[in-house]
Amino acid sequence: MAEQNPFKWRHFQADMILLCVRWYLRYSLSYRDLEEMMLERGLQVDHTTIYRWVQEYAPQLERRCRPYQKACNDSWKVDETYIKIKKVWTYLYRAVDSEGNTLEFLLSPTRDAEAAKHFFLKALHSSPGLAPQSHPFEEQVTLLATATTSVTSAPRVINVDKNAAYPKAIAELKAAGMLPQYVELRQVKYLNNLIEQDHRFIKRLTKPGMGFFSFETAQRTLQGYEIMNMIRKGQVQEVAKGDIRGQVALVAKLFGLVA
């Protein structure tokens with residue numbers, strides 16, 4: 001059965017919608033910046049319309065990109081950074097491998113062992129039918145045990161900072177059989193310099209918007225930020241790092257358009 005046109009009933013051309021979405025997710029721009037840039041090109045579109053486009057198509061972009069994602073190695077570097085939502089700090093868990101490739105990310109309102117477990121479960125198994133933020137830990141264990149979709153290879157080593165929640169989360173995952181016993185946990189701060197530097201790309205994109213106004217808005221926007229970051233780093237098949245034309249062509253292809 002053919003997929004329904006994702007741009008049906010939109011008042012603007014699909015290529016212009018994707019242009020606005022891609023630029024917002026890739027560069028340090030505000031919605032009002034994009035409104036002015038489009039006006040220079042003869043397209044009169046309100047900044048709130050661009051906001052709605054980003055909220056609609058950023059999660060779709062991540063979902064459509066996932067099957068094309070390249071495999072990462074077994075050395076994980078895990079850390080969390082801060083994202084402000086309605087003047088309250090929340091936590092964005094992120095992981096990269098030893099080559100700087102993004103493994104996974106998870107926005108969480110808390111910074112504790114339960115949130116760390118949710119993140120590790122998502123990183124171990126990115127299944128379309130599993131939403132770690134909406135299931136208790138026990139239900140996630142059952143879902144992962146019975147799922148038939150592919151599971152990413154377990155890490156050989158996980159590098160984290162001195163956050164006490166990580167050892168507790170790893171121990172509970174090993175006890176539940178979701179993480180092999182041979183996985184080594186290293187709490188050495190300097191080993192995580194790579195991911196701390198990688199945070200800067202996401203933080204640079206969040207500054208023009210001056211924070212988010214709801215958890216759902218932040219979650220959808222961050223999905224787009226992260227997937228565009230992965231495309232930029234060459235983590236998607238057929239697109240090399242720094243291949244701008246390839247990035248444009250890929251996004252158009254994912255939504256059924258000709259670049």
(message) Among the listed residues Gln237, Gln247, identify the single one that is among the polar types (S, T, N, Q), under 23 Å from Pro155 (Cβ atoms) and more than 14 Å from the chain's Cα centre (by Cα).
(response) Gln237
(request) Name the single residue, out of those in the range 202-253 being within 12 Å of Ala58 (Cα to Cα) and aliphatic (A, V, I, L, M), that is surrounded by the fewest Cβ atoms within 10 Å (Cβ to Cβ). (result) Ala218
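Test Pro136 against the stated conditions and say whether it is open to solvent by 30 Å² or more (accessible area, probe 1.4 Å), modelled with pLDDT under 50 and on the phi < 0 side of the Ramachandran plot.
For Pro136, the condition - open to solvent by 30 Å² or more (accessible area, probe 1.4 Å), modelled with pLDDT under 50 and on the phi < 0 side of the Ramachandran plot - is met.
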(request) Return only the number of the condition from (1) more than 30 Å from Phe120 (Cα to Cα); (2) free of Cβ contacts under 8 Å to residues at least 60 places away in the same chain that Asn73 does not satisfy. (result) (1)
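Go through the range 81-99 and count every residue that is more than 12 Å from the chain's Cα centre (by Cα), more than 19 Å from Glu184 (Cα to Cα) and open to solvent by less than 30 Å² (accessible area, probe 1.4 Å).
Matching residues across the range 81-99 total 4.
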(request) List the number of the failed condition for Ile17; all other conditions in (1) in contact with a Ser or Thr (Cβ under 8 Å, 6 or more places away or on another chain); (2) of a type outside the set (Ser, Thr, Tyr); (3) assigned to a helix (DSSP H, G or I) hold. (result) (1)
(message) Which count do you get for residues in the range 166-183 that are among the polar types (S, T, N, Q) and in a helix (DSSP H, G or I)?
(response) 0
(request) Out of the residues in the range 42-56 that are in a helix (DSSP H, G or I) and without any contact (Cβ under 8 Å) to a residue 60 or more places away in the chain, state the one that is most open to solvent (accessible area, probe 1.4 Å). (result) Arg52
(request) Would you check if Ala252 is over 19 Å from the mean Cα position of the chain (by Cα) and assigned to a helix (DSSP H, G or I)? (result) yes
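If I ask for residues that are open to solvent by less than 80 Å² (accessible area, probe 1.4 Å), out of contact with any helix residue (DSSP H, G or I) (no Cβ under 6 Å at 6 or more places or on another chain) and without any contact (Cβ under 8 Å) to a residue 60 or more places away in the chain, which ones from the range 187-201 would you list?
Gln187, Val188, Asn193, listed by residue number.
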(request) Take the range 60-80 and flag every residue that is outside any strand (DSSP E or B) and open to solvent by 10 Å² or more (accessible area, probe 1.4 Å). (result) Gln60, Glu62, Arg63, Arg64, Arg66, Pro67, Tyr68, Lys70, Ala71, Cys72, Asn73, Asp74
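The values are calculated or read from the model by the stated rules, or taken from the named source; none is laboratory data. These numbers come from a predicted model, not from an experiment. Virtual Cβ from ideal backbone geometry, glycine too; neighbours counted across all protein chains shown. With ligands, DNA and RNA removed, areas are computed over all heavy atoms of the protein, side chains included. Shrake-Rupley method; radii C 1.70, N 1.55, O 1.52, S 1.80 Å.
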